[in-house]
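Worksheet: one structure, shown below.
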Amino acid sequence: MTQPVMIPARSGKAARLRYGQLVKVANTHGEQVGDTWAFNAAYLNEHMSMEHSRVHFLKLRPAVGDTFVTDRRQPILTLVEDTSPGAHDTVLAACDARRYELLGVKEHHNNGADNLDSGLRELGLEPPGLPAPLNLFMNIPW
């Protein structure tokens, strides 16, 4: 078993996974959204796509057993267990510096876009862009 990776609020981490490897995500304080991305390790421009995944599982909110697909419609992650209330957003874009600027925030505010960038760079990878994330633990009424 691998040691847990604690991710402080308003920050991010990236990890390399092998086919079939499981990842457990726990929201210890119940107030933090987990922007989540997945990329094809052999070709970083191929990424988990919320647009394609919603079409694949024919709903806006994923449930146990649903498989997320890439922008090339290839399976990349499957939700195998969910002990949360099951409210995970697949619609909203990741927050970024410009979003906070438009909200009137004057100083730097940590954000999902910067967290993805720094997480990939920690692994020695050049971020390929900013796809829409799976927003774990984010309950958006539609």
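Summary of computed values
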read-out: Theoretical gain in end-to-end length, Gln3 to Ala42 [0.36 nm per residue, Cα-Cα removed]; value: 11.5 nm
read-out: Ordering of 74-84, 10-20, 35-45 by burial proxy (mean other Cβ atoms within 10 Å per residue, highest first); value: 35-45, 74-84, 10-20
read-out: The range 95-117 and the range 19-79: distance between their alpha carbon centers, rounded to Å; value: 23 Å
read-out: Highest average packing first - 57-64, 46-53, 104-111, Cβ atoms within 10 Å; value: 46-53, 57-64, 104-111
read-out: Accessible area in the full protein assembly, largest first, 1.4 Å probe, for Phe68, Phe137; value: Phe137, Phe68
read-out: Rg/Rh for the chain, where both radii come from Cα atoms and Rh is the Kirkwood radius; value: 0.94
read-out: The range 1-125, accessible surface, carbon-and-sulfur percent (1.4 angstrom probe); value: 53 percent
read-out: Taking only Cα atoms of the range 66-116, radius of gyration then Dmax in Å; value: 15.3, 41
read-out: Residues of the chain: accessible area per residue with a 1.4 Å probe, Å²; value: 69 Å²
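The values are calculated or read from the model by the stated rules, or taken from the named source; none is laboratory data. What you are looking at is a predicted structure, and each value in this text was computed from that prediction instead of being measured. Virtual Cβ from ideal backbone geometry, glycine too; neighbours counted across all protein chains shown. Note: areas computed on protein heavy atoms with side chains; ligands, DNA, RNA excluded. Shrake-Rupley method; radii C 1.70, N 1.55, O 1.52, S 1.80 Å.
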